[in-house]
Amino acid sequence: MVSFKQRNIISIRHFNKEELLYILDLASRMDHMDHTDMLKGKVLASLFFEPSTRTRLSFESAMKRLGGMVIGFAEPGGTSTAKGESLSDSAKIIEGYCDIIVLRHYLEGSAQLAADVVKIPVINAGDGANQHPTQTFLDLYTIQKTKGTLEGITIGFLGDLKYGRTVHSLAYALAYFGAEMYFISPPSLRLPADFLETLKDRKVKCHENESLMGISKRLDVIYCTRIQKERFADPIEFEKVRGIYRLSKTMLEEFGIKDGLKVLHPLPRVDEMDDSLDATDFAVYFHQARNGIPIRKALLAAVLGAVE
Amino acid sequence: MKHLDVAAIKDGSVIDHIDSKSTLKVAEILNIQNEEQVVLVGVNLTSKLLGKKGIIKIEGKIIDQKEVNKIALIAPNATVNIIEDYEVVKKFHIVVPEIIEGVVKCFNPNCISNYNNVKTRQHVVSKNPIKLQCHFCERIMSAKDIVLI
């Protein structure tokens, strides 16, 4: 039997297919539910060591819509971290003030470290370039809702595949559903070799390309990502790849698309996706961002034991 | 009388069946330059199992589990013999553990284990060839990425 009670949500690797589907089903029920008191008296600590709009606000909104309360910070400047406190110490102290921790941090593995030192559940809201599991749940939910199924889709990941944690998490999850994957990026931003090997070990049909040309007609879903300036140690390297892709309605019409194509993007976008796409039937990224609420409500309710 | 390519020791440890090319790395793990008693190192010795093998004999030292765990990552086929008065009193094959702690540095410079004095931890996802997955950042290291602490 699937149970999420008191579990950490650190990496999509920690969940099997049945568990992923359980959360998507619960989110679907939450989608039609208004405010409840299901988490009344519970406190969420929202610890964001890195900037965020969608993830932080949708977690806070989800918690409040379930009757819970939120404490925390949106940037570490005013905290003891600025005085040199370690993440382990901060987590152990904050554990005493709340029932669940939601953590975003620029270092990879930080959520796992926090989960190892506290007894309450920890939800990873993004750890460096590693994982962003709640984004993956909402990406899966969006694909399921807009395509009608998760099984056997062909997906093209476009943009920053090296540092794009949402790409890593989603590709790992879609491997459960027999997806065929195209990884489209400049050579310097390819998927890390060890991650590609992991997918191939799981029998995923993977292709690496530098352009959408000739590929777009095969895709059920395009998952576009921003090239993240903040992940580059060397600004010259960023300038070399900045603006290398600009997905537009004209480009897709020229290259050709499959009927029913959907374009997802974890947002924010900068210049990799043209506004001309917004009014098309295949643009689902704003809908995708809204799906953060039912998914995060489902995860909070399940982890805090408000649903069985 | 059996001919020995590398002379016998009276008391101590013998690490045998090391893949020949890894012999000096194992010697480094065992910190032999700081040993005060006799240390014998042989490379490119004939081996039925490996073709060519390495061997290290250290007088007066019993190697500990932490050292065995480190050797396992570099030379998974090695055996360890404990010698007393020229006799083998204990012999064991090196076993790669399921989890490695505080031995290997994570190769990912952005991993939390490279900050805040966090004790490194890796899960062994493949023993031969060796592949380690960082408990924290989840990146997978192969033999070429392994840097010992």
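What to note about this one:
- Just one of the numbered conditions (1) more than 25 Å from B:Ile56 (Cα to Cα); (2) buried (at least 18 other Cβ atoms within 10 Å of the Cβ); (3) away from chain A (no Cβ under 14 Å) is not true of B:Leu73: (1).
- A count restricted to region A:279-290 and to residues that are surrounded by fewer than 23 Cβ atoms within 10 Å (Cβ to Cβ) and touching a helix residue (DSSP H, G or I) at 6+ places or on another chain (Cβ under 8 Å) stands at 6.
- Of all residues in region B:56-67, exactly one satisfies the criterion of being in a helix (DSSP H, G or I), touching a residue at least 12 places away in the same chain (Cβ under 8 Å) and surrounded by fewer than 18 Cβ atoms within 10 Å (Cβ to Cβ), namely B:Lys66.
- Residue within region A:207-220 that is assigned to a strand (DSSP E or B), in contact with a Cys (Cβ under 8 Å, 6 or more places away or on another chain) and in the same structural domain as A:Ile153 (by TED's automatic domain parsing) present: no
- Checking B:Ala8 against (1) in contact with a helix residue (DSSP H, G or I) (Cβ under 6 Å, 6 or more places away or on another chain); (2) touching a residue at least 40 places away in the same chain (Cβ under 8 Å), the condition it does not meet: (1)
- Residue list for region A:210-231, restricted to those being at pLDDT 90 or above and among the hydrophobic types (A, V, I, L, M, F, W, C): A:Leu212, A:Met213, A:Ile215, A:Leu219, A:Val221, A:Ile222, A:Cys224
Condition check ((1) crowded, with 21+ Cβ neighbours inside 10 Å; (2) within 14 Å of chain B (Cβ to nearest Cβ)) across all residues:
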| position | (1), (2) |
| --- | --- |
| A:Thr79 | no, no |
| A:Asp89 | no, yes |
| A:Lys92 | no, yes |
| A:Leu103 | yes, yes |
| A:Leu113 | yes, yes |
| A:Ala125 | yes, no |
| A:Gln135 | yes, no |
| A:Leu140 | yes, no |
| A:Tyr172 | yes, yes |
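- Residues being of a type outside the set (A, V, I, L, M, F, W, C) and either in contact (Cβ under 8 Å) with a residue 60 or more places away in the chain or within 14 Å of chain B (Cβ to nearest Cβ) (or both) - total across region A:142-157: 7
- All of A:Thr146, A:Thr136, A:Thr154, A:Thr142 fail the test of being within 20 Å of B:Phe136 (Cβ to Cβ) and β-branched (Val, Ile, Thr), apart from A:Thr136.
- Residue match in region A:49-58 (condition: in contact with a strand residue (DSSP E or B) (Cβ under 8 Å, 6 or more places away or on another chain) and over 21 Å from B:Ile112 (Cβ atoms)): no
- Of the numbered criteria (1) surrounded by fewer than 11 Cβ atoms within 10 Å (Cβ to Cβ); (2) touching a residue at least 24 places away in the same chain (Cβ under 8 Å); (3) not acidic (Asp, Glu), the one B:Leu50 fails is (1).
The values are calculated or read from the model by the stated rules, or taken from the named source; none is laboratory data. All of these numbers come straight from a predicted model, not from anything done at the bench. Here Cβ is always computed from backbone atoms with ideal geometry, including for glycine, and neighbour counts include all displayed protein chains.
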